[in-house]
Amino acid sequence: MVSYRIAVIPGDGIGREVVPEGMRVLEAAGGQHDISFKWDTFPWSCETYTSTGAMMPSDGIEQLRGYDAIFLGAIGFPSVPDHVSLWGLLLPIRRQMQQFINLRPVRMLKGMVSPLRDRGPAEIDFIVVRENNEGEYSEIGGRLYSGTEAEMVVQESIFTRRGVDRVLRFAFELARNREAKHLTSATKSNGIIHTMPYWDERFSAMAAEYPDVRTDQYHIDILTANFVLHPDWFDVVVGSNLFGDILSDLGPAVAGTIGVAPSANINPTREYPSMFEPVHGSAPDIAGQGIANPIAQVWSGAMMLDHLGHPKAALTVERAIEQVLQDPALRTPDMGGKTSTVEMGKVIAAAI
Ligand code: NAD
Ligand code: IPM
Ligand code: MN
């Protein structure tokens, strides 16, 4: 029996509803594969901010450091401005823990209904590799002459050679190990004059090291169109922080619902724990109703198992999700059904 210490941050909104279902399913998978979990819950959220003035304690990152992984729901609620809540908790974890790779698989699972006519599971199956520490998400910038007619704001994008190369290399390695061996780069070098041509330059330099990987690149505008018109064209898609963010909501929507989309914030050096969370947010519009789809959280748990060295256990979880979706009666409202969050978690756990 191998045991892991997991830091759990349910966060806000539906994060608190889907995280327990993720844990339920992981417990079931652990039972099958001789894995046990010691869960420590950190109630850091927008409520923490309202009562203490901070999203987490000042030594929050230190508190998380010794864990094997972090299992997070979602952060953000209308009670706190989003840039305050996210820059107070989620983004500092991703950065300070050097989780510079964000893996976001997009798959139309059997049983999902795509909004695209005539597209099936065989045609929507790719993975977005998102740069997760720099790019358009940067604190560099500021505001001048506030409240006057001369008011101005500046927001800088940061693309370092180290940061660009490490995400590109990760994506090339990933593509090399997949059947299709195909990597697409998201760019915008026609409109963004410095950073994006640099990104393209590093992409083509690295492509020379991976002659076995077929490459292409699209400007982000037509790439979004192609996600809709030709999802079957994609295998691994690499993008900057912002482009990867946008593509990883669009991809799952095209597959049927963002309620199933998982993500892994990976620190490949393993110097710090990695973090596993759904792609979606706290969904304030449905929070508290018990109807959120827990599959994204559950599938993120599968990614955690994989990262911890248990690919078979991860597969057990993925298979259980797919098995449950064979029954058209088992659908949360985002998939057109009436199944509740807890019921869905329970049937997936039972399928395991
Ligand atoms: P959102 O992903 O929370 O919701 C978008 C839409 O998708 C809503 O209609 C919601 O009901 C639906 N939805 C999302 N997840 C669902 C699920 N599991 N089941 C069923 N329906 C689901 O995006 P938003 O509305 O832009 O953001 C809400 C809050 O969440 C904001 O504070 C935002 O900053 C935050 N957010 C956090 C994360 C994160 O913690 N990783 C990610 C995205 C957004
Ligand atoms: C995501 C979210 C976050 C991001 C927000 C909440 C800062 O949208 O995980 O996709 O942009 O990274
Ligand atoms: Mn997002």
Contact list, first residue from the stretch 235-260 and under 13 Å from R130 (Cα atoms) and in contact (Cβ under 8 Å) with a residue 24 or more places away in the chain, second anywhere and within 10 Å of ligand 3 (Cβ to nearest atom) and part of a helix (DSSP H, G or I), beta-carbon distance below 8 Å, six or more apart or interchain, is V237/L247; V238/G244; G239/L247; D249/I258
Picking from A287, A314, the residue that is in a helix (DSSP H, G or I), out of contact with any Cys (no Cβ under 9 Å at 6 or more places or on another chain) and more than 16 Å from ligand 3 (Cβ to nearest atom) would be A314
One residue is enough: does the stretch 137-160 have a residue meeting the conditions more than 27 Å from V298 (Cα to Cα), acidic (D, E) and open to solvent by less than 40 Å² (accessible area, probe 1.4 Å)? no
Residue count, the stretch 59-89, condition within 16 Å of ligand 2 (Cβ to nearest atom), assigned to a loop (DSSP other than H, G, I, E, B) and loosely packed, with under 15 Cβ neighbours inside 10 Å, comes to 3
Practice item. Determine if the stretch 120-130 includes at least one residue that is in contact with an Asp or Glu (Cβ under 7 Å, 6 or more places away or on another chain) and of a type in the set (D, E). Key: yes
Whether any residue in the stretch 280-291 is within 13 Å of ligand 2 (Cβ to nearest atom), surrounded by fewer than 24 Cβ atoms within 10 Å (Cβ to Cβ) and under 22 Å from P231 (Cβ atoms) is what I want to check. no
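Residue-wise test of (1) within 26 Å of I220 (Cα to Cα); (2) over 13 Å from the mean Cα position of the chain (by Cα).
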residue	(1), (2)
V254	yes, yes
P262	yes, no
M275	no, no
G290	no, yes
G309	no, yes
Listed by range, strands (runs of 3 or more DSSP E) wholly within the stretch 188-278 having at least 1 residues that are open to solvent by less than 10 Å² (accessible area, probe 1.4 Å) and over 30 Å from E17 (Cβ atoms) are 236-239
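What do you reckon, is E17 within 20 Å of V260 (Cβ to Cβ), acidic (D, E) and open to solvent by 10 Å² or more (accessible area, probe 1.4 Å)?
Criteria met by E17.
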Residue count, the stretch 103-130, condition open to solvent by 20 Å² or more (accessible area, probe 1.4 Å), aliphatic (A, V, I, L, M) and in a strand (DSSP E or B), comes to 1
Within the stretch 298-311, identify whether any single residue is open to solvent by 10 Å² or more (accessible area, probe 1.4 Å), of a type in the set (D, E) and near ligand 1 (Cβ under 10 Å from one of its atoms), and answer yes or no. no
Filtering the stretch 260-279 for residues that are within 14 Å of ligand 2 (Cβ to nearest atom) and either β-branched (V, I, T) or closer than 15 Å to G345 by Cβ (or both) leaves a count of 4
Of the residues that make up the stretch 85-108, is at least one away from ligand 3 (no atom under 16 Å from the Cβ) and closer than 17 Å to P294 by Cα?
yes
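The values are calculated or read from the model by the stated rules, or taken from the named source; none is laboratory data. In this text the structure is predicted, and so the values were computed from the model without any measurement. We place every Cβ from the backbone using ideal geometry, glycine too, and count neighbours over all the protein chains shown. All accessible areas refer to the heavy atoms of the entire protein, side chains included, with ligands and DNA or RNA removed. Shrake-Rupley method; radii C 1.70, N 1.55, O 1.52, S 1.80 Å.
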